[in-house]
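A short worksheet on the structure shown next.
The values are calculated or read from the model by the stated rules, or taken from the named source; none is laboratory data. In this text, all values refer to a predicted model and were calculated from it rather than measured experimentally. Virtual Cβ from ideal backbone geometry, glycine too; neighbours counted across all protein chains shown. Ligands, DNA and RNA are excluded from the accessible area calculation, which covers all protein heavy atoms including side chains. Shrake-Rupley method; radii C 1.70, N 1.55, O 1.52, S 1.80 Å.
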Amino acid sequence: MELSRTRVRPLRAVLDRALTGLARLALRGFYRRLEVTGEDHLPVDRPTLVVANHFNALLDAVLVMHAVGRLPRFVAKSALWRPVWARPLLWLAGMVPVERPQDDGDTARNRSVFASCAEQLARGNTVALFPEGHLAPTPALRPLRTGAARIALNARLAGAEGLVILPLGLVYEDTVALRSRALVRIGPPIDVDRFLTERGSPDADPEDQAAVRSLTTEIGRRLRVLAPDYEDQLEAATLGRAADIALRGEEQLPTEEVPLSTREALARELAQAPEDDQREIIDRLARYELSCSLAGLRDTEVIAEHGPSTLTRLLAITSLRLLLLAPFALAGAIINALPYWAVHWTGRFVRNPALRASARLLTGVALFPPTWLLIAWLMPWNSWWARALVIAAAPVLGLIAVRALERAVEVSRAWHGWVTRLERQEHLAMLREQRRALTDLIDRHRAA
(Lines give C-alpha, C1' and ligand atoms only; values in the text may rest on other atoms or scores of the structure.)
Protein backbone atom coordinates (compact mmCIF):
# COMPACT_ATOMS: atom_id res chain seq x y z
CA MET A 1 0.00 0.00 0.00
CA GLU A 2 2.78 2.39 0.86
CA LEU A 3 4.49 1.58 -2.44
CA SER A 4 1.32 2.55 -4.29
CA ARG A 5 1.16 5.89 -2.52
CA THR A 6 4.78 6.70 -3.32
CA ARG A 7 4.01 6.10 -6.98
CA VAL A 8 0.96 8.32 -6.97
CA ARG A 9 2.55 11.31 -5.28
CA PRO A 10 5.18 12.03 -7.99
CA LEU A 11 2.44 11.65 -10.61
CA ARG A 12 0.24 14.05 -8.63
CA ALA A 13 3.09 16.56 -8.44
CA VAL A 14 3.64 16.40 -12.21
CA LEU A 15 -0.10 16.85 -12.86
CA ASP A 16 -0.25 19.79 -10.46
CA ARG A 17 2.63 21.58 -12.16
CA ALA A 18 1.19 20.91 -15.61
CA LEU A 19 -2.28 22.15 -14.64
CA THR A 20 -0.87 25.25 -12.95
CA GLY A 21 1.12 26.11 -16.08
CA LEU A 22 -1.89 25.47 -18.31
CA ALA A 23 -4.10 27.62 -16.07
CA ARG A 24 -1.68 30.53 -16.16
CA LEU A 25 -1.40 30.27 -19.93
CA ALA A 26 -5.20 30.21 -20.27
CA LEU A 27 -5.52 33.29 -18.06
CA ARG A 28 -2.99 35.19 -20.19
CA GLY A 29 -5.17 34.55 -23.19
CA PHE A 30 -8.45 35.21 -21.42
CA TYR A 31 -7.49 38.51 -19.78
CA ARG A 32 -5.52 41.38 -21.22
CA ARG A 33 -4.24 42.28 -17.75
CA LEU A 34 -3.99 40.40 -14.45
CA GLU A 35 -3.15 42.25 -11.25
CA VAL A 36 -2.17 40.75 -7.90
CA THR A 37 -1.75 42.88 -4.79
CA GLY A 38 -0.53 41.86 -1.35
CA GLU A 39 1.89 39.19 -2.61
CA ASP A 40 4.06 39.85 0.44
CA HIS A 41 1.29 38.17 2.48
CA LEU A 42 1.82 34.80 0.77
CA PRO A 43 2.99 32.30 3.43
CA VAL A 44 6.30 30.51 2.94
CA ASP A 45 6.66 26.85 3.97
CA ARG A 46 3.49 26.81 6.06
CA PRO A 47 0.32 24.74 5.66
CA THR A 48 -2.19 27.11 4.08
CA LEU A 49 -5.97 27.10 3.85
CA VAL A 50 -7.00 29.56 1.11
CA VAL A 51 -10.46 31.17 1.28
CA ALA A 52 -11.91 33.42 -1.43
CA ASN A 53 -15.16 34.96 -2.62
CA HIS A 54 -17.01 33.03 -5.32
CA PHE A 55 -18.53 35.13 -8.14
CA ASN A 56 -17.31 33.54 -11.37
CA ALA A 57 -17.40 29.72 -11.19
CA LEU A 58 -14.29 28.03 -12.63
CA LEU A 59 -12.47 31.32 -13.23
CA ASP A 60 -12.33 31.84 -9.45
CA ALA A 61 -10.39 28.61 -8.95
CA VAL A 62 -8.00 29.41 -11.79
CA LEU A 63 -7.34 32.89 -10.39
CA VAL A 64 -6.61 31.38 -6.97
CA MET A 65 -4.08 29.06 -8.63
CA HIS A 66 -2.47 32.01 -10.39
CA ALA A 67 -2.21 34.06 -7.21
CA VAL A 68 -0.74 31.39 -4.93
CA GLY A 69 1.52 29.97 -7.66
CA ARG A 70 0.48 26.34 -7.23
CA LEU A 71 -2.52 24.03 -7.47
CA PRO A 72 -4.27 23.72 -4.11
CA ARG A 73 -6.60 20.84 -3.24
CA PHE A 74 -9.94 22.51 -3.90
CA VAL A 75 -12.99 21.58 -1.85
CA ALA A 76 -16.00 21.62 -4.21
CA LYS A 77 -19.66 20.67 -4.06
CA SER A 78 -20.31 17.00 -4.81
CA ALA A 79 -22.91 17.95 -7.43
CA LEU A 80 -20.04 18.66 -9.81
CA TRP A 81 -19.28 14.92 -9.86
CA ARG A 82 -22.74 13.93 -11.13
CA PRO A 83 -21.89 14.19 -14.88
CA VAL A 84 -19.75 11.14 -15.63
CA TRP A 85 -17.71 13.06 -18.21
CA ALA A 86 -16.63 15.61 -15.56
CA ARG A 87 -15.19 13.10 -13.09
CA PRO A 88 -11.83 12.52 -14.84
CA LEU A 89 -11.33 16.30 -15.11
CA LEU A 90 -12.12 16.80 -11.43
CA TRP A 91 -9.74 13.97 -10.51
CA LEU A 92 -7.00 15.54 -12.61
CA ALA A 93 -7.55 18.83 -10.78
CA GLY A 94 -7.31 17.04 -7.43
CA MET A 95 -10.65 18.36 -6.22
CA VAL A 96 -12.30 17.05 -3.05
CA PRO A 97 -16.13 16.59 -3.07
CA VAL A 98 -18.18 17.89 -0.16
CA GLU A 99 -21.88 17.20 0.44
CA ARG A 100 -24.24 20.16 0.95
CA PRO A 101 -27.69 20.00 2.58
CA GLN A 102 -29.24 22.02 -0.27
CA ASP A 103 -28.08 19.32 -2.72
CA ASP A 104 -29.82 16.60 -0.66
CA GLY A 105 -26.41 15.09 0.05
CA ASP A 106 -25.39 12.90 2.95
CA THR A 107 -23.42 15.41 5.03
CA ALA A 108 -22.19 12.58 7.27
CA ARG A 109 -19.73 11.75 4.49
CA ASN A 110 -18.04 15.09 4.98
CA ARG A 111 -16.11 13.76 7.95
CA SER A 112 -13.86 11.86 5.56
CA VAL A 113 -13.54 15.00 3.42
CA PHE A 114 -12.44 17.07 6.41
CA ALA A 115 -10.02 14.30 7.39
CA SER A 116 -8.55 14.27 3.88
CA CYS A 117 -8.12 18.07 3.91
CA ALA A 118 -6.58 17.89 7.38
CA GLU A 119 -4.10 15.29 6.12
CA GLN A 120 -3.11 17.51 3.20
CA LEU A 121 -2.58 20.49 5.50
CA ALA A 122 -0.64 18.37 8.00
CA ARG A 123 1.76 17.52 5.15
CA GLY A 124 2.31 21.24 4.62
CA ASN A 125 0.20 21.41 1.45
CA THR A 126 -2.37 23.99 0.39
CA VAL A 127 -6.14 23.51 0.48
CA ALA A 128 -8.62 26.02 -0.97
CA LEU A 129 -12.35 26.54 -0.73
CA PHE A 130 -15.04 29.16 -1.26
CA PRO A 131 -16.67 29.48 2.17
CA GLU A 132 -19.89 31.03 0.84
CA GLY A 133 -20.73 27.53 -0.39
CA HIS A 134 -22.22 28.64 -3.72
CA LEU A 135 -21.89 31.17 -6.52
CA ALA A 136 -22.99 34.63 -5.38
CA PRO A 137 -25.59 36.15 -7.77
CA THR A 138 -24.39 39.67 -6.93
CA PRO A 139 -20.87 41.06 -6.38
CA ALA A 140 -21.09 41.01 -2.59
CA LEU A 141 -19.96 38.45 -0.03
CA ARG A 142 -22.72 36.16 1.22
CA PRO A 143 -22.93 34.63 4.73
CA LEU A 144 -20.18 32.07 5.19
CA ARG A 145 -20.53 28.37 5.94
CA THR A 146 -18.49 26.96 8.82
CA GLY A 147 -16.56 24.46 6.68
CA ALA A 148 -13.35 26.50 6.52
CA ALA A 149 -13.17 26.89 10.29
CA ARG A 150 -13.86 23.20 10.88
CA ILE A 151 -11.25 22.14 8.33
CA ALA A 152 -8.70 24.40 10.06
CA LEU A 153 -9.49 22.98 13.50
CA ASN A 154 -9.38 19.42 12.15
CA ALA A 155 -5.99 20.13 10.58
CA ARG A 156 -4.57 21.32 13.92
CA LEU A 157 -5.60 18.01 15.50
CA ALA A 158 -3.94 16.17 12.60
CA GLY A 159 -0.65 17.95 13.30
CA ALA A 160 -0.69 20.90 10.89
CA GLU A 161 1.82 23.10 12.70
CA GLY A 162 1.83 26.81 11.92
CA LEU A 163 -1.43 26.61 9.97
CA VAL A 164 -2.61 29.88 8.38
CA ILE A 165 -5.82 30.86 6.63
CA LEU A 166 -5.12 33.07 3.61
CA PRO A 167 -8.01 35.34 2.47
CA LEU A 168 -8.22 36.32 -1.21
CA GLY A 169 -10.53 38.88 -2.81
CA LEU A 170 -11.30 38.20 -6.50
CA VAL A 171 -12.34 41.21 -8.58
CA TYR A 172 -13.46 41.18 -12.24
CA GLU A 173 -13.79 44.16 -14.52
CA ASP A 174 -16.26 42.05 -16.50
CA THR A 175 -17.15 38.49 -15.50
CA VAL A 176 -18.04 37.45 -19.07
CA ALA A 177 -16.06 39.43 -21.66
CA LEU A 178 -12.86 38.14 -23.21
CA ARG A 179 -9.73 40.28 -22.80
CA SER A 180 -11.05 42.28 -19.85
CA ARG A 181 -9.12 42.61 -16.57
CA ALA A 182 -9.01 40.71 -13.28
CA LEU A 183 -7.55 41.45 -9.86
CA VAL A 184 -6.59 39.27 -6.89
CA ARG A 185 -6.22 41.05 -3.56
CA ILE A 186 -4.28 38.95 -1.03
CA GLY A 187 -4.90 39.88 2.59
CA PRO A 188 -2.86 39.26 5.75
CA PRO A 189 -3.13 35.58 6.75
CA ILE A 190 -4.84 34.43 9.93
CA ASP A 191 -2.42 32.55 12.18
CA VAL A 192 -4.87 29.98 13.55
CA ASP A 193 -2.85 29.07 16.66
CA ARG A 194 -2.37 32.71 17.62
CA PHE A 195 -6.01 33.57 16.91
CA LEU A 196 -7.32 30.80 19.18
CA THR A 197 -4.80 31.54 21.92
CA GLU A 198 -5.74 35.22 22.00
CA ARG A 199 -9.38 34.21 22.43
CA GLY A 200 -8.63 31.84 25.29
CA SER A 201 -9.25 28.55 23.46
CA PRO A 202 -5.82 27.26 22.36
CA ASP A 203 -7.00 23.63 22.43
CA ALA A 204 -10.21 24.16 20.47
CA ASP A 205 -11.42 21.28 18.29
CA PRO A 206 -14.08 21.06 15.54
CA GLU A 207 -16.76 20.28 18.14
CA ASP A 208 -16.16 23.60 19.91
CA GLN A 209 -19.02 25.60 18.41
CA ALA A 210 -17.88 28.89 19.94
CA ALA A 211 -14.43 28.53 18.37
CA VAL A 212 -15.94 27.53 15.01
CA ARG A 213 -18.24 30.58 15.02
CA SER A 214 -15.46 32.93 16.13
CA LEU A 215 -13.06 31.74 13.43
CA THR A 216 -15.79 31.86 10.76
CA THR A 217 -16.61 35.44 11.77
CA GLU A 218 -12.93 36.42 11.50
CA ILE A 219 -12.65 34.83 8.04
CA GLY A 220 -15.73 36.77 6.94
CA ARG A 221 -14.35 40.02 8.32
CA ARG A 222 -11.08 39.56 6.42
CA LEU A 223 -12.82 38.65 3.17
CA ARG A 224 -15.18 41.62 3.28
CA VAL A 225 -12.17 43.94 3.27
CA LEU A 226 -10.91 42.32 0.06
CA ALA A 227 -13.95 41.22 -1.95
CA PRO A 228 -16.26 43.50 -3.97
CA ASP A 229 -19.25 44.80 -2.02
CA TYR A 230 -22.03 46.14 -4.26
CA GLU A 231 -25.80 45.78 -4.45
CA ASP A 232 -25.67 44.45 -8.00
CA GLN A 233 -23.61 44.36 -11.18
CA LEU A 234 -25.04 47.71 -12.31
CA GLU A 235 -23.83 49.47 -9.17
CA ALA A 236 -20.41 47.83 -9.50
CA ALA A 237 -20.06 48.96 -13.13
CA THR A 238 -21.40 52.47 -12.47
CA LEU A 239 -19.23 53.22 -9.45
CA GLY A 240 -16.25 51.62 -11.18
CA ARG A 241 -16.74 53.98 -14.11
CA ALA A 242 -17.04 57.00 -11.79
CA ALA A 243 -13.83 55.96 -10.02
CA ASP A 244 -12.05 55.53 -13.35
CA ILE A 245 -12.95 59.08 -14.40
CA ALA A 246 -11.96 60.56 -11.03
CA LEU A 247 -8.56 58.83 -11.10
CA ARG A 248 -7.60 59.54 -14.70
CA GLY A 249 -5.12 62.38 -15.07
CA GLU A 250 -4.51 64.73 -17.96
CA GLU A 251 -0.94 63.50 -18.30
CA GLN A 252 -2.06 59.94 -19.11
CA LEU A 253 -1.93 58.84 -22.71
CA PRO A 254 -5.24 57.75 -24.25
CA THR A 255 -3.87 54.19 -24.44
CA GLU A 256 -3.06 54.03 -20.70
CA GLU A 257 -5.46 52.58 -18.14
CA VAL A 258 -6.10 53.30 -14.48
CA PRO A 259 -4.95 50.16 -12.59
CA LEU A 260 -7.90 47.98 -11.63
CA SER A 261 -6.64 47.76 -8.05
CA THR A 262 -6.70 51.56 -7.69
CA ARG A 263 -10.10 51.87 -9.37
CA GLU A 264 -11.63 49.13 -7.23
CA ALA A 265 -10.40 50.73 -4.00
CA LEU A 266 -12.17 54.01 -4.85
CA ALA A 267 -15.30 52.29 -6.19
CA ARG A 268 -15.66 50.35 -2.91
CA GLU A 269 -15.28 53.61 -1.03
CA LEU A 270 -18.05 55.18 -3.12
CA ALA A 271 -20.27 52.17 -2.47
CA GLN A 272 -20.13 53.02 1.24
CA ALA A 273 -21.18 56.65 0.66
CA PRO A 274 -24.54 57.91 1.96
CA GLU A 275 -27.43 57.16 -0.37
CA ASP A 276 -27.97 60.81 -1.31
CA ASP A 277 -24.28 61.23 -2.21
CA GLN A 278 -24.36 58.07 -4.30
CA ARG A 279 -27.45 59.23 -6.12
CA GLU A 280 -25.84 62.59 -6.93
CA ILE A 281 -22.62 60.92 -8.16
CA ILE A 282 -24.57 58.56 -10.40
CA ASP A 283 -26.74 61.41 -11.73
CA ARG A 284 -23.73 63.56 -12.62
CA LEU A 285 -21.98 60.56 -14.16
CA ALA A 286 -25.03 59.77 -16.32
CA ARG A 287 -25.28 63.37 -17.54
CA TYR A 288 -21.58 63.50 -18.36
CA GLU A 289 -21.54 60.15 -20.16
CA LEU A 290 -24.63 61.08 -22.20
CA SER A 291 -23.07 64.41 -23.20
CA CYS A 292 -19.86 62.62 -24.26
CA SER A 293 -21.85 60.12 -26.29
CA LEU A 294 -23.80 62.87 -28.09
CA ALA A 295 -20.55 64.69 -28.88
CA GLY A 296 -18.88 61.48 -30.11
CA LEU A 297 -16.08 61.79 -27.55
CA ARG A 298 -14.68 59.56 -24.81
CA ASP A 299 -13.45 60.70 -21.41
CA THR A 300 -9.82 60.26 -22.46
CA GLU A 301 -10.34 62.75 -25.30
CA VAL A 302 -12.19 65.29 -23.16
CA ILE A 303 -9.24 65.79 -20.80
CA ALA A 304 -6.39 64.96 -23.17
CA GLU A 305 -3.73 67.65 -23.51
CA HIS A 306 -1.65 65.63 -25.96
CA GLY A 307 -1.18 67.20 -29.37
CA PRO A 308 -0.41 65.68 -32.76
CA SER A 309 3.31 65.45 -31.95
CA THR A 310 2.70 63.07 -29.04
CA LEU A 311 0.24 61.00 -31.05
CA THR A 312 2.57 60.94 -34.05
CA ARG A 313 5.37 59.64 -31.85
CA LEU A 314 3.01 57.03 -30.38
CA LEU A 315 1.90 56.01 -33.86
CA ALA A 316 5.50 55.75 -35.10
CA ILE A 317 6.63 53.61 -32.14
CA THR A 318 3.58 51.36 -32.40
CA SER A 319 3.94 51.01 -36.17
CA LEU A 320 7.59 50.02 -35.81
CA ARG A 321 6.75 47.43 -33.18
CA LEU A 322 3.90 46.03 -35.25
CA LEU A 323 6.14 45.88 -38.30
CA LEU A 324 8.75 43.88 -36.39
CA LEU A 325 6.11 41.61 -34.87
CA ALA A 326 4.01 41.26 -38.03
CA PRO A 327 5.41 37.84 -39.14
CA PHE A 328 4.95 36.41 -35.63
CA ALA A 329 1.50 37.97 -35.19
CA LEU A 330 0.36 36.66 -38.58
CA ALA A 331 1.58 33.16 -37.77
CA GLY A 332 -0.14 33.31 -34.37
CA ALA A 333 -3.39 34.47 -35.94
CA ILE A 334 -3.37 31.66 -38.52
CA ILE A 335 -2.56 28.95 -35.98
CA ASN A 336 -5.05 30.07 -33.32
CA ALA A 337 -7.90 31.57 -35.37
CA LEU A 338 -10.32 28.62 -35.30
CA PRO A 339 -10.10 27.79 -31.56
CA TYR A 340 -10.21 31.51 -30.73
CA TRP A 341 -13.49 32.01 -32.59
CA ALA A 342 -14.88 28.83 -31.02
CA VAL A 343 -14.09 30.29 -27.58
CA HIS A 344 -15.63 33.61 -28.59
CA TRP A 345 -18.91 32.04 -29.71
CA THR A 346 -19.17 29.48 -26.91
CA GLY A 347 -20.30 32.09 -24.37
CA ARG A 348 -23.23 33.06 -26.58
CA PHE A 349 -24.78 29.60 -26.26
CA VAL A 350 -24.62 29.44 -22.46
CA ARG A 351 -27.73 30.91 -20.85
CA ASN A 352 -26.44 31.21 -17.29
CA PRO A 353 -24.28 34.40 -17.17
CA ALA A 354 -22.31 33.03 -14.20
CA LEU A 355 -21.12 30.08 -16.31
CA ARG A 356 -20.31 31.80 -19.62
CA ALA A 357 -16.72 32.66 -18.75
CA SER A 358 -16.14 29.14 -17.42
CA ALA A 359 -17.57 27.62 -20.60
CA ARG A 360 -15.24 29.77 -22.67
CA LEU A 361 -12.24 28.81 -20.55
CA LEU A 362 -13.02 25.09 -20.80
CA THR A 363 -13.54 25.41 -24.55
CA GLY A 364 -10.15 27.06 -24.88
CA VAL A 365 -8.42 24.40 -22.78
CA ALA A 366 -10.14 21.69 -24.85
CA LEU A 367 -9.43 23.16 -28.31
CA PHE A 368 -6.17 25.10 -28.25
CA PRO A 369 -3.71 22.29 -27.28
CA PRO A 370 -5.14 19.79 -29.83
CA THR A 371 -4.93 22.51 -32.48
CA TRP A 372 -1.25 23.09 -31.68
CA LEU A 373 -0.60 19.33 -31.80
CA LEU A 374 -2.37 19.05 -35.17
CA ILE A 375 -0.43 21.98 -36.64
CA ALA A 376 2.83 20.48 -35.40
CA TRP A 377 1.92 17.09 -36.90
CA LEU A 378 1.11 18.68 -40.29
CA MET A 379 4.45 20.48 -40.45
CA PRO A 380 6.70 19.16 -43.25
CA TRP A 381 9.69 18.75 -40.93
CA ASN A 382 10.20 15.15 -39.91
CA SER A 383 11.88 16.07 -36.65
CA TRP A 384 10.53 15.76 -33.11
CA TRP A 385 12.37 18.85 -31.89
CA ALA A 386 10.95 21.01 -34.71
CA ARG A 387 7.44 19.85 -33.90
CA ALA A 388 8.03 20.42 -30.19
CA LEU A 389 9.19 23.94 -31.05
CA VAL A 390 5.94 24.58 -32.97
CA ILE A 391 3.86 23.38 -30.00
CA ALA A 392 5.82 25.59 -27.60
CA ALA A 393 5.70 28.62 -29.92
CA ALA A 394 2.01 28.41 -30.83
CA PRO A 395 0.59 29.92 -27.60
CA VAL A 396 3.26 32.63 -27.53
CA LEU A 397 2.53 33.56 -31.13
CA GLY A 398 -1.19 33.65 -30.32
CA LEU A 399 -0.65 36.09 -27.48
CA ILE A 400 1.53 38.26 -29.74
CA ALA A 401 -1.24 38.32 -32.36
CA VAL A 402 -3.93 39.32 -29.87
CA ARG A 403 -1.80 42.00 -28.22
CA ALA A 404 -0.70 43.42 -31.58
CA LEU A 405 -4.32 43.74 -32.68
CA GLU A 406 -5.31 45.38 -29.38
CA ARG A 407 -2.44 47.85 -29.63
CA ALA A 408 -3.34 48.77 -33.19
CA VAL A 409 -6.96 49.37 -32.17
CA GLU A 410 -5.85 51.52 -29.19
CA VAL A 411 -3.69 53.80 -31.35
CA SER A 412 -6.37 54.01 -34.04
CA ARG A 413 -8.92 55.09 -31.42
CA ALA A 414 -6.50 57.66 -30.02
CA TRP A 415 -6.06 59.26 -33.44
CA HIS A 416 -9.77 59.11 -34.20
CA GLY A 417 -10.49 60.72 -30.84
CA TRP A 418 -8.04 63.55 -31.51
CA VAL A 419 -9.65 64.27 -34.90
CA THR A 420 -13.14 64.16 -33.35
CA ARG A 421 -11.99 66.55 -30.62
CA LEU A 422 -10.86 69.05 -33.26
CA GLU A 423 -14.25 68.81 -34.96
CA ARG A 424 -16.18 69.22 -31.71
CA GLN A 425 -14.21 71.98 -30.02
CA GLU A 426 -17.42 73.79 -29.16
CA HIS A 427 -18.45 70.93 -26.83
CA LEU A 428 -15.21 70.67 -24.86
CA ALA A 429 -15.82 73.51 -22.39
CA MET A 430 -19.22 72.11 -21.39
CA LEU A 431 -17.92 68.55 -21.13
CA ARG A 432 -14.95 69.60 -19.01
CA GLU A 433 -17.24 71.55 -16.71
CA GLN A 434 -19.49 68.52 -16.25
CA ARG A 435 -16.48 66.33 -15.63
CA ARG A 436 -15.03 68.77 -13.10
CA ALA A 437 -18.34 68.83 -11.21
CA LEU A 438 -18.30 65.03 -11.03
CA THR A 439 -14.68 64.72 -9.89
CA ASP A 440 -15.08 67.55 -7.35
CA LEU A 441 -18.08 65.75 -5.86
CA ILE A 442 -16.08 62.51 -5.57
CA ASP A 443 -13.09 64.37 -4.08
CA ARG A 444 -15.36 65.99 -1.47
CA HIS A 445 -16.68 62.59 -0.49
CA ARG A 446 -13.14 61.20 -0.18
CA ALA A 447 -12.07 64.13 1.99
CA ALA A 448 -15.12 63.85 4.27
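Does Asp16 satisfy the condition of being at pLDDT below 95, buried (at least 21 other Cβ atoms within 10 Å of the Cβ) and in a helix (DSSP H, G or I)? Write out each step before concluding.
Details: at pLDDT below 95: yes; buried (at least 21 other Cβ atoms within 10 Å of the Cβ): no; in a helix (DSSP H, G or I): yes.
No: the conditions fail for Asp16.
Matching residues to (1) buried (at least 18 other Cβ atoms within 10 Å of the Cβ); (2) under 16 Å from Phe30 (Cβ atoms); (3) out of contact with any Gly (no Cβ under 8 Å at 6 or more places or on another chain):
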{"site": "Ala329", "(1), (2), (3)": "yes, no, yes"}
{"site": "Ala337", "(1), (2), (3)": "no, no, yes"}
{"site": "Gly347", "(1), (2), (3)": "yes, yes, yes"}
{"site": "Ser358", "(1), (2), (3)": "yes, yes, yes"}
{"site": "Leu373", "(1), (2), (3)": "no, no, yes"}
{"site": "Ser383", "(1), (2), (3)": "no, no, yes"}
{"site": "Val396", "(1), (2), (3)": "no, yes, no"}
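The lone criterion from (1) in a helix (DSSP H, G or I); (2) surrounded by fewer than 17 Cβ atoms within 10 Å (Cβ to Cβ); (3) out of contact with any Gly (no Cβ under 7 Å at 6 or more places or on another chain) left unmet by Leu253 is number (1).
Among Arg313, Arg351, which is open to solvent by 50 Å² or more (accessible area, probe 1.4 Å), free of Cβ contacts under 8 Å to residues at least 12 places away in the same chain and either over 27 Å from Glu173 (Cβ atoms) or part of a helix (DSSP H, G or I) (or both)? Talk me through it step by step, then tell me what you get.
Values: Arg351 fails: either over 27 Å from Glu173 (Cβ atoms) or part of a helix (DSSP H, G or I) (or both).
None of the other options fit; the residue is Arg313.
A Cβ distance below 9 Å, combined with a sequence gap of six or more or placement on separate chains, defines the contacts here; from region 376-389, residues that are closer than 20 Å to Asn336 by Cα reach residues that are part of a loop (DSSP other than H, G, I, E, B) and open to solvent by 100 Å² or more (accessible area, probe 1.4 Å) in the pairs Arg387/Trp381. Residue check: Thr310 meets all listed conditions (1) closer than 20 Å to Ser412 by Cβ; (2) in contact with a helix residue (DSSP H, G or I) (Cβ under 6 Å, 6 or more places away or on another chain); (3) among the hydroxyl-bearing types (Ser, Thr, Tyr) but one, namely (2).
Scan Glu269, Glu264, Glu218 and give me the residue that is out of contact with any Ser or Thr (no Cβ under 7 Å at 6 or more places or on another chain) and surrounded by fewer than 17 Cβ atoms within 10 Å (Cβ to Cβ).
Details: Glu264 fails: surrounded by fewer than 17 Cβ atoms within 10 Å (Cβ to Cβ); Glu218 fails: surrounded by fewer than 17 Cβ atoms within 10 Å (Cβ to Cβ).
Result of the check over Glu269, Glu264, Glu218: Glu269.
One line per residue, one yes/no per condition, for (1) touching a Lys or Arg at 6+ places or on another chain (Cβ under 7 Å); (2) over 21 Å from Pro259 (Cβ atoms); (3) of a type in the set (Phe, Trp, Tyr):
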position	(1), (2), (3)
Leu166	no, yes, no
Ala182	no, no, no
Arg185	no, no, no
Ser201	no, yes, no
Val212	yes, yes, no
Glu218	no, yes, no
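The criterion of being in contact with a Gly (Cβ under 6 Å, 6 or more places away or on another chain) and either open to solvent by 10 Å² or more (accessible area, probe 1.4 Å) or among the hydrophobic types (A, V, I, L, M, F, W, C) (or both) does not hold for Arg156.
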